[in-house]
Every structure is written in C-alpha cells, then in structure tokens.
Amino acid sequence: MPTLTSGTPLEVPRGLAGVVVTDTALGDVRGREGFYHYRQYSAIDLAQTRSFEDVWYLMFRGELPGPAARADFAARTAALRRLPPEVRDALPAIARAGAVSGPLAGLRTALSLLGFRPVYDIDGDRRRGDALAACAAVPTVLTALYRLGRGLEPVEPRDDLPYAANYLYMLTGSEADPARVRAVEQYLISTVDHGFNASTFTGRVVASTGADIAACLVASVGALSGPLHGGAPSRALDTLDAIGTPDRIDGWIRGRVLAGERIMGFGHPVYRTEDPRSRMLRGIAQSFGGPLVDFAVEVERRVEAILAELKPGRELHTNVEFYAGVVMELCGLPREMFTPTFCAARVVGWSANILEQADDSKIIRPAARYVGPPTPQPVPAP
Ligand SMILES: CC(C)(COP(=O)(O)OP(=O)(O)OC[C@H]1O[C@@H](n2cnc3c(N)ncnc32)[C@H](O)[C@@H]1OP(=O)(O)O)[C@@H](O)C(=O)NCCC(=O)NCCS
C-alpha cells in the first residue's frame, strides 16, 4: 500500500479515473447524462447559437460578451493573428525539418519561440494577454506549416474574417462557403474544452510549476497528439475507407475487435451514453448528406451493435472523433489537418485552464508506487 509522506495510505484508480484533483469554474463533463458545459452553459447550446469568439471570451472572462465587448474582442484577437517576424521567418525551416512529423509537431517548436515570461513572474492581466496571443497565433502557425509542407506560400491572416472563416481562408487561400464555415465553427466550439482530459491536465501540471504559457501549451499539444486522445479523427475516417462497403462492416469490425484492437472513433473514458458532440456533429453531417454520411451512419449502427455483443456492459458509442472526421472531410479539410484543427479549438480551453491553474500557487506533484527490487542494494563495483 503506498503512503503519502505524512504516512496516510492512498490508493487511486488506474489512469486517475474519477479522481478530483482541483476545483474549476470552467466546466465539466457529466458522462452518465451525456452532458458537458462551459462555465454555466451547455457547450452544445453555445455551439448552436454562438460564435467561436463569444465562447473564447466566455472561457477567458467568465461571461458572454455584449455587442461592444464582442467587437472589441474580435478586433483585438484578429490583430494578434500576425506572427512576430522572427517566428514567421522560422516557419519554413520548421516545416522542412518536420516534413514527416507534420504541422502539430511543428506547432510545438513554433510556440516555444513566442517568448513569453513564466506565469510565476507576471500578473493576471499579462498572463491573459500572453494566452490571447498564443491562441491567436495557433491557427496561423498550423495553416502556414501545412502549406509550407506542400511547397505553398503561407496565406496571411485576414482581420476582417471571424476565427473559423479566417482559419479556412489561411488553409486554402480562398473563402469557404458560409455553410462550411459554420459547420467548422460549430465543431471548433464543441471541442474548446472537455473537463479534465489528458491534455488539459498536462497543461495544468506545467502551469502549476510557474512555467510560461507556451511551455504549458506545448505540453498540452504533445498530449493531444496521441491516438487515444486527439489523434483519432483521421484514423476514424481511415477506418471507413478500410471497410469500404456496407457488406464488409460486420466482418471487418469483428475481426479487429476479436484481435484485441480498438475501433477508432468509439468509446470514451467518461461518457457512458452517446457523446453529445457526436450527436451534434452527426446532425451537421446529415445536413450536408451524401454517400459518406450514409455509410458513416450505417457503420456507427453496426459497430455499436457488435461492440455491445463482444464487449457487453462497456457502453461503447461513437465519440467526438467519429463524426468530426466526417464533418471535416465534407468541409474540405485535409486529413492531415484534422487533429491540428482540433488543437486550434482546444488551445482556448487549455489556456483558460492554464490561467486558472496559474492563480493557484500549489505545485502538482503526485506520487508513484515503487515496485522495483528491494532497496537499498549495494552498488556493484564498476
Ligand atoms: C477513448 C478510449 C481511450 C477510452 O478508453 P478507456 O476509458 O480507458 O476504456 P477502457 O480501456 O476502460 O475500455 C473498456 C473496454 O472496452 C474496450 N474498448 C474501448 N474502446 C474500444 C474501441 N474503440 N473499440 C473496441 N473496444 C474498445 C476496451 O478494450 C476494454 O475492453 P476490456 O474491458 O475487455 O479490456 C478508448 O475507448 C479507445 O481507445 N477508443 C479508440 C480511440 C479513440 O477513438 N480516441 C478518441 C477519444 S475522444
């Protein structure tokens, strides 16, 4: 039995599942109800009625903006989209060196160059300013790295476009149609935050050390990149491709599950009902319609039934990644940019969490149970 330094025995579940590690006013996920919220509002209601900037403001300021604050915030964040020249100039080299690892890995390098001071050394206003600058820079960096990786010139951000429209513009060099912009915006809003997920917790651990905002975000980006977290949407779509046709669904899925593999886009550490993001994104996908959407709905139906049969009692349903992949494909986003697009939204949630954590001076420092050979052993002679 492990003990705290005070001698108190302590056991926590594997993966810290369900362990409360701090208080937060930013939001929560209620997995049994299939509900999550940002501040006091349903995240899905926000995605259905508000802009990305409104939700960003809500996460940073604790309230939704009125008309004057909205205009002011939009202008302020749009102006921050332009990268400092020394960072912009470094991007071609980052893209070249990161040709295999891709834009999300390159983002980690670029963020580190933004040059913020440790949160420990600055006041709350300065921290918020740094966090705004970091969030605003992320879409510019990701889209520039993507384009540079294809031998294309980066597209400069436009101040007159809202966040989602500007993101798509910087990616493709032309304005997307309003239905696609809104679909992407709703996806972005729905993924801004999601309780104490791995990347959010990671960012908060680093913030608790007093490190700068970029260091915290780099750590979060690394956690997000794993396939069990944010790395799944393109894999979910790859799964649809690999299955190919409806008559192959059952055999393909059974073969994978019986071989002990996981089906990407299904299952969630917290939800034991349908993921509300999945429900919203399925609706968006169905509003576009087409063979890919019909096939995805059929795969969802069959996979849920097969998982219920082969993994009884686990309540495995589609998670956000399954229909996120479908919606992004319908909106013309390249697969390589699926997880980076997730990141372009989640950076706002990470930042709000990092700011909240930075107000708490207690460093996060859990313990591990030592299970190696008995100690101390004599050190062998060299
Ligand atoms: C998201 C995920 C990591 C959650 O994992 P978790 O909470 O640790 O779930 P568990 O590992 O406790 O899984 C419970 C059981 O369901 C199975 N399971 C979970 N997700 C599964 C999936 N997608 N396909 C097949 N089986 C799955 C597990 O193998 C386990 O089976 P067991 O009890 O026989 O060992 C997991 O569902 C997964 O790997 N999904 C695929 C990747 C994905 O879509 N990631 C995006 C997350 S938003």
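List of remarks:
- In this structure the amide hydrogen of Y38, modeled in the peptide plane, comes within under 5 Å of the amide hydrogens of A43, none closer than 5 places in sequence on its chain.
- Cα gyration tensor category, rounded, prolate or oblate, for the chain with a/c compared to 1.5: rounded
- Net charge, P154 excluded, C-beta distance under 9 Å - Lys, Arg +1, Asp, Glu -1: 0
- Prolate/oblate/rounded label for the stretch 238-300 (Cα gyration tensor, a/c 1.5): oblate
- Expected 222 nm ellipticity per residue - DSSP helices of 4 or more, -39500 (n - 2.57), all of the chain, to 500: -17500 deg cm²/dmol
- Relative contact order, percent, the stretch 217-340 [alpha-carbon distance under 8 Å, six or more residues apart]: 38 percent
- Relative intensity, log₁₀ I(q)/I(0), of the stretch 176-221 from a Debye sum that treats every alpha carbon as a point, q = 0.17 Å⁻¹: -0.59
- In loop segments of the stretch 300-382 as defined by DSSP, there are no GluC sites (Glu not before Pro) with at most 12 further C-beta atoms inside 10 Å of their C-beta.
- Length gained when the stretch A99-T209 is fully extended (0.36 nm per residue, less Cα-Cα span): 36.4 nm
- Under DSSP loop assignment and at most 15 Cβ neighbours within 10 Å, longest trypsin sites (Lys or Arg not before Pro)-free interval of the chain: 159-261
- F35 paired with A68, simple spin-label distance in nm, labels 7 Å along Cα-to-beta-carbon: 3.5 nm
We did not get these values from a lab; they are worked out from the coordinates using the rules stated. Everything numeric in this text was worked out from a predicted model, so none of it was measured. As a convention, Cβ positions derive from the backbone with ideal geometry for all residues, glycine included, and neighbour counts pool all protein chains shown.
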